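The values are calculated or read from the model by the stated rules, or taken from the named source; none is laboratory data. The structure displayed is predicted, hence computed values, not measured ones. Neighbour counts are summed over all protein chains in view; Cβ atoms, including those assigned to glycine, are modelled from backbone coordinates with ideal geometry.
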């Protein structure tokens, strides 16, 4: 998606350790017009997949998932990173390792929001090693839901997560794939 790539080049910041900061337009301050175009692009790619729910992990994927969901006319369900007192009933849960934070955390999703009749689209802001996506795939498997696709805003292609997901058969649509990064520069995959 050329619009997204140009915005990354214009306003993104590359930091040592393969960190790409897009906090001025994607995941801290949100450019809603850009997210709207991202949502349209995900719909264009996945519209024939009969999606019944969009799934993400809190927090950065929620805004993107909500914008996309309006085109699919389906609800968004997000896995929570912490068990809280307001979660009731049975839970799906899995452990996810965060590349950015370098920690493991248990994500939970109430069983009443996902079942075997669902065809889901997983949406997230970043894909690096694929741990978050694998966690959501585990939750989908626990629910017996069908994963119809995975939509990623920015994939760090050099970290292998996307390649793995494609190799095991998932329809993965990444809108911008970063092929390489140095401490102050990046290159997109064509």
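For the reader, a short list of remarks on this structure follows.
- Condition met for residue 120 (within 13 Å of the chain's Cα centre (by Cα), within 18 Å of residue 75 (Cα to Cα), in contact (Cβ under 8 Å) with a residue 12 or more places away in the chain and in a strand (DSSP E or B)): yes
- Of residues in region 34-61 being part of a loop (DSSP other than H, G, I, E, B), touching a strand residue (DSSP E or B) at 6+ places or on another chain (Cβ under 7 Å) and surrounded by fewer than 21 Cβ atoms within 10 Å (Cβ to Cβ), the one modelled with the lowest pLDDT: 58
- Region 82-104, residues that are closer than 24 Å to residue 129 by Cβ, surrounded by 15 or more Cβ atoms within 10 Å (Cβ to Cβ) and modelled with pLDDT of 85 or more: 92, 93, 94, 96
- Flag for residue 89 being in contact with a strand residue (DSSP E or B) (Cβ under 8 Å, 6 or more places away or on another chain), in a loop (DSSP other than H, G, I, E, B) and over 20 Å from residue 149 (Cβ atoms): yes
- Number of the condition not met by residue 125 [criteria: (1) surrounded by 15 or more Cβ atoms within 10 Å (Cβ to Cβ); (2) farther than 15 Å from residue 78 by Cα]: (2)
- Among the residues of region 123-144, the ones that are in contact (Cβ under 8 Å) with a residue 60 or more places away in the chain and farther than 24 Å from residue 157 by Cβ come to 1 in all.
- Residue in region 134-181 that is surrounded by the most Cβ atoms within 10 Å (Cβ to Cβ), counting only those that are in contact with a strand residue (DSSP E or B) (Cβ under 7 Å, 6 or more places away or on another chain) and assigned to a loop (DSSP other than H, G, I, E, B): 145
- Matching residues, region 2-33, being touching a residue at least 24 places away in the same chain (Cβ under 8 Å), outside any strand (DSSP E or B) and within 16 Å of the chain's Cα centre (by Cα): 4, 22, 26, 27, 30
- Taken over region 63-80, the criterion of being surrounded by fewer than 16 Cβ atoms within 10 Å (Cβ to Cβ) and either out of contact with any helix residue (DSSP H, G or I) (no Cβ under 8 Å at 6 or more places or on another chain) or assigned to a loop (DSSP other than H, G, I, E, B) (or both) is satisfied by 73, 75.
- In region 124-133, residue modelled with the lowest pLDDT [restricted to those that are closer than 22 Å to residue 35 by Cα and part of a helix (DSSP H, G or I)]: 132
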